[in-house]
Amino acid sequence: MVFTSLNFLLFFPLVALLYYISPKKWRWVTLLVASFFFYINIKPVYVLLLIGVTCSTYVFTILISNARDDSRRTLYLVLNIILVLLPLFFFKYFSTINTIMIRLLENWSLHWPLPEIKYMLPLGISFYTFMAIGYSIDVYNEELDAERNLGLVALFISFFPLILSGPIERAKNMLPQFRDYRPINYENVTAGLKLMVWGYFMKLVVADRIGIYVDLVYGDISTQNGSSLIIAAVLYPFQVYADLGGYSLIAIGTARVMGLDVIQNFKRPFFSTSMAEFWRRWHISLISWLTDYVYTPLSFRFRKYKIWGIVIALMLTFLVSGIWHGAALTFVIWGLMQGTFLSLEAVTNKKRTSFEQKYNLSANKIYHLAWMIITFVLFASSQIFGRAATIDDALLVYRRILTETGSPYLDLTTLLYSFIGILIILLKDFKDEYFQGKMSFFSNSRAWIRYSAYLTIIFIILLFGVFKGNSFIYFQF
Amino acid sequence: MERAVIINKLSDVFRKVFNNDEIELRDDLTANHIDNWDSLSHMILVTEIERTFCIKFKLKELNKMRNVGEMIEMIGQKV
């Protein structure tokens, strides 16, 4: 069951109703049953992995909490991380590593005894695995106590709005909310529904429309010229933003309807004036997870090397980010590109600050706009590796963009709808960035403006939405 | 070391790391209040504090610091 299916539109109101009419002490049970039903609905057998990850995390966090000496605590943490990562490694990376080994050894006329295995990646495994690991590290760091109620741990890891594609939440934010009694609140219900509607608009009207053009161009790169490829390369970051950003809003809105606050996942990323700022606004839940559990320990360990310690930590963190996205060299290069951009910024940061102070540029709008464009171009160019199927394909895209122009492939209807959709999203983000709380349609004090806005956006979704094959990009990760 | 002396020395570290002579430290100051205080510059700040006060932090201690006041308290315990 995915957010864009008819089943979900029946499932969710029923769950919300059951949640609010359940006795307050047992509301979390309603959510837990709903979450397992939601996940079983996708492929029943994969729920066993979810149960395994939950039980391992539950047992080891209690052991960490009860252990007297640090070495035992560390041992339990490491054991849990290994056990929790095993299914992720097997389903996501085993096939790739096995294939590489078979090919390498065949070059030496050696036969690799394991057969080539390809399994479907269990949906959401990358997300709930990170949530489980984050929780066990938090208990290890004494930032929260180990939860003694297995059901609450299971609910945190399987919570249906988040399990398939995040946001990657933290136990210290969610567990207290699951324990609390939250009476039905009109503000929460309407705010949640508004987020969901905007999320559906981003996904169905914008992301999936852009996807028609991008999929066609990237589907057969060899027949496309540089002009078509540059259009696809510019459109793809907007597609991902509307896709994962839309998904995240539906997830956050779903939780909000039930009175639960979930971390924001995107914060108007295309208004960033540096890559560092961009990564504080893009896929926030993943980056803050990586910052807390990978970058900070690494940069702490390498701090004696000063700025170069930061560079090493950045490169390794984004290498992990790339590998998390997929078991392909394209993702490794994508991650290393992000690490390189951020490292260059870190090394030159003082010079940039001095330059801005010297020429009084911090309030200069044209200067900011120029950096926004540079930041977008850097990110869009790195996303070529995020989208192309192979390294050869990605290199071909760069080569064609730089050397081959000509008339682009023009699917005018798709492009027109895509550009209007992007423009609407950017205008809303612009308003939220610079005119917070002003010119709001969804929260306007006049009811007729609010209701007109709701009806308009629902009509736009029904009239211009793409309702075929609505898989989310991040399901593959 | 007296609190006032720590604040004085710490202010110099902040001004140097963030390239801003106008920084005035307060107990409730956090990364949200100072331009460029992000996860990248944070570790440079930590290294500079360790060098200035001849102390060593543990990662767990860093994770628990929520504002400059807690940072001053932690330095006070170590010097």
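The values are calculated or read from the model by the stated rules, or taken from the named source; none is laboratory data. Keep in mind that this is a model prediction, so the values were computed, not measured. So basically every Cβ, Gly included, is an ideal-geometry build from the backbone, and we count neighbours across all protein chains shown.
Check region A:388-399 and report whether any residue there is at pLDDT 90 or above and within 14 Å of chain B (Cβ to nearest Cβ).
The answer is no; no qualifying residue exists.
State all residues of region B:8-30 that are surrounded by 14 or more Cβ atoms within 10 Å (Cβ to Cβ) and within 11 Å of another protein chain (Cβ to nearest Cβ); if no residue qualifies, say none.
Residues satisfying the conditions are B:Lys16, B:Val17, B:Phe18, B:Asn19, B:Asn20.
Name every residue in region A:208-242 that is modelled with pLDDT of 95 or more and more than 20 Å from A:Ile401 (Cα to Cα), in order of residue number.
A:Val240, A:Tyr241, A:Ala242
In region A:201-237, how many are β-branched (Val, Ile, Thr) and under 15 Å from A:Thr413 (Cα atoms)? Full working, then the answer.
Going through region A:201-237, the residues β-branched (Val, Ile, Thr) turn out to be A:205-206, A:210, A:212, A:214, A:217, A:221, A:223, A:230-231, A:234.
Filter once more, so that each one left must be under 15 Å from A:Thr413 (Cα atoms): A:205-206, A:210, A:212, A:214, A:231.
Total meeting the criteria: 6.
Within region A:203-262, take every residue that is charged (D, E, K, R) and more than 18 Å from the chain's Cα centre (by Cα) and give me the one that is surrounded by the most Cβ atoms within 10 Å (Cβ to Cβ). Full working, then the answer.
Step one: of region A:203-262, the residues charged (D, E, K, R) are A:203, A:208-209, A:215, A:220, A:243, A:256, A:261.
Still in the list and also more than 18 Å from the chain's Cα centre (by Cα): A:209, A:215, A:220, A:256.
Numbers: A:Arg209: 26, A:Asp215: 14, A:Asp220: 8, A:Arg256: 24.
In this case the residue turns out to be A:Arg209.
Determine, yes or no, whether A:Val320 is away from chain B (no Cβ under 14 Å) and among the hydrophobic types (A, V, I, L, M, F, W, C).
Yes; evaluated as a whole, the condition is true for this residue.
What do you reckon, is A:Glu169 under 17 Å from A:Lys25 (Cα atoms), not assigned by TED's automatic domain parsing to the domain that holds A:Gln383 and not in a helix (DSSP H, G or I)? Show your work before the answer.
Values: under 17 Å from A:Lys25 (Cα atoms): no; not assigned by TED's automatic domain parsing to the domain that holds A:Gln383: yes; not in a helix (DSSP H, G or I): yes.
So A:Glu169 does not fit the description; no.
Looking at (1) of a type in the set (Ser, Thr, Tyr); (2) closer than 30 Å to A:Ala453 by Cα; (3) within 14 Å of another protein chain (Cβ to nearest Cβ), can you tell me which one A:Tyr200 breaks?
Every listed condition holds for A:Tyr200 apart from (3).
Residues that are free of Cβ contacts under 8 Å to residues at least 24 places away in the same chain, β-branched (Val, Ile, Thr) and in a helix (DSSP H, G or I): does region A:248-261 have at least one?
Pass one, region A:248-261, residues free of Cβ contacts under 8 Å to residues at least 24 places away in the same chain: none.
No; the residues of region A:248-261 include none that is free of Cβ contacts under 8 Å to residues at least 24 places away in the same chain, β-branched (Val, Ile, Thr) and in a helix (DSSP H, G or I).
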